[in-house]
Amino acid sequence: MTRKIKAVIFDMDGLIIDSEPLWRKAEIASFASIGYEFTDEMCSSTKGMRIDEVVSYWHEKLNWKSPTKGFVVDDITQRMINFIQTHGKALPGVELVLNTLKKNNIPIALASSSPIILIETVLNTLKIKNYFDVIHSAEFEKKGKPDPQVFLTTSNKLGVEPMNCLVLEDSMVGMKAGLNAQMRTIVIPEINTPKESWQEEAYCVLNSLNDFNLNFLS
């Protein structure tokens with residue numbers, strides 16, 4: 001039987017690495033340094049977006065005069081690099097799924113909203129870079145997720161039609177980006193978060209990558 005799915009595209013934050021708590025910590029610390037008290041809920045409201053778009057979102061609401069948006073982006077990014085290198089760990093099932101796909105000669109890609117410097121930091125810290133045939137960041141696209149372009153560019157680099165790609169995501173904006181790209185999209189929510197109605201749009205919802213199997217490619 002011919003597989004419908006010919007390649008698998010991974011998100012990164014909250015799917016490969018438990019980085020969402022680190023993002024919240026970095027954002028809260030960075031915004032505190034310029035005089036704003038952020039909460040976990042405020043950080044979660046922009047989950048899955050590019051960091052420049054996150055900063056622009058809050059700048060539009062808060063309209064601070066100084067420092068520049070670029071300074072805040074760089075500050076959060078540097079905090080994240082430090083947190084990943086010291087606290088970063090793979091989420092359950094990551095290496096199991098990567099090994100399974102590799103053994104079955106299924107192309108693997110990573111398409112993340114994070115800047116490429118953070119992608120490289122994560123892959124090198126977790127020592128999993130060699131699994132991926134294509135690595136792509138939404139920083140190189142005009143728009144980040146939920147715009148589908150990061151996934152469409154990735155599928156083009158893989159040489160696989162979008163309809164033959166499977167996306168693994170954890171966030172609402174990531175799921176919508178996968179669906180907007182006309183890709184089969186599975187959601188694995190962040191650990192210890194409740195199921196939400198938006199997840200019903202996904203092909204299916206898994207508790208962790210440990211629940212993944214090759215039947216999802218059929």
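No value in this document is a laboratory result; all are computed from the given coordinates. Every value quoted in this text rests on a predicted model; they were computed, and no experiment measured them. Note that we place each Cβ from the backbone using ideal geometry, even for glycine, and neighbour counts take in every protein chain shown.
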Query raised in the report: For LYS127, which lysines qualify as cross-link partners when the Cα separation must be under 17 Å and same-chain residues fewer than eight apart are set aside?
Result: LYS89, LYS102
Requested in this report: Restrict the search to the stretch 63-106; then list the chymotrypsin sites (Phe, Trp or Tyr not before Pro) that DSSP places in a loop and that have at most 16 other Cβ atoms within 10 Å of their Cβ.
Outcome: TRP64
Report task. Give me the distance between the Cα centres of the stretch 27-51 and the stretch 104-159, rounded to whole Å. Result -> 24 Å
Query raised in the report: In Å and whole numbers, how far do the C-alpha atoms of the stretch 44-127 stretch along each principal axis, longest first?
Result: 53, 23, 19
Report summary line: Of the listed links LYS103/LYS145; LYS6/LYS47; LYS61/LYS157; LYS6/LYS61, those spanning more than 32 angstrom between alpha carbons are LYS61/LYS157; LYS6/LYS61
Query raised in the report: Ignoring the sites themselves, what is the longest stretch of the chain with no trypsin sites (Lys or Arg not before Pro) in a DSSP loop and at most 13 other beta-carbon atoms within 10 Å?
Result: 5-64
Query raised in the report: For CYS204, what charge total do you get from the other residues with a beta carbon under 14 Å from its beta carbon, if Lys and Arg give +1 and Asp and Glu give -1?
Result: -3
**Report entry** Under-5 Å amide H pairs with GLY14, H placed in peptide plane, nonlocal only
**Finding:** SER19, GLU20
Query - Residue among SER208, SER155, SER137 with the largest mean-square fluctuation in a Gaussian network model of the chain, springs linking Cα atoms under 10 Å - result: SER208
Query raised in the report: Which length gain, in nm to one decimal place, applies between SER45 and GLU196 when the Cα-Cα distance is subtracted from 0.36 nm times their residue separation?
Result: 53.0 nm
Query - Cross-link reach list, aspartates and glutamates versus LYS195, counting only Cα pairs under 15 Å and skipping chain neighbours closer than eight places - result: GLU169, ASP170
Query raised in the report: Which percentage, to the nearest 5, of the DSSP beta bridges contained in the chain is antiparallel?
Result: 5 percent
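So what's the back-of-envelope 222 nm ellipticity for the chain, counting only DSSP H runs of four-plus at -39500 (n - 2.57) apiece and dividing by all residues, rounded to 500?
-12500 deg cm²/dmol, from helical runs alone.
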Query - Reachable lysines, given that their alpha-carbon falls under 24 Å from the alpha-carbon of LYS65 and they are not under 8 places away in the same chain - result: LYS25
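Taking the convex hull of the alpha carbon atoms in the chain, what volume per residue do you get, in Å³?
So the per-residue Cα hull volume is 112 Å³.
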Report summary line: Unit-weight point scatterers at every alpha-carbon of the stretch 130-218, Debye formula, q = 0.16 1/Å: log10 I(q)/I(0) is -0.65
Query - Two-site FRET efficiency, PHE38 against LYS103, from Cβ-Cβ distance with R₀ of 41 Å, rounded to 0.05 - result: 0.40
Report summary line: Quick P(r) readout (the stretch 20-87; Cα-Cα; 5 Å bins; whole %) gives 3, 18, 32, 29, 13, 3, 1
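Taking the stretch 25-118, which GluC sites (Glu not before Pro) meet the DSSP loop condition and have no more than 13 other C-beta atoms within 10 Å?
Values: sites: GLU27, GLU37, GLU41, GLU53, GLU60, GLU95; in loops: GLU37.
Answer in residue order: GLU37.
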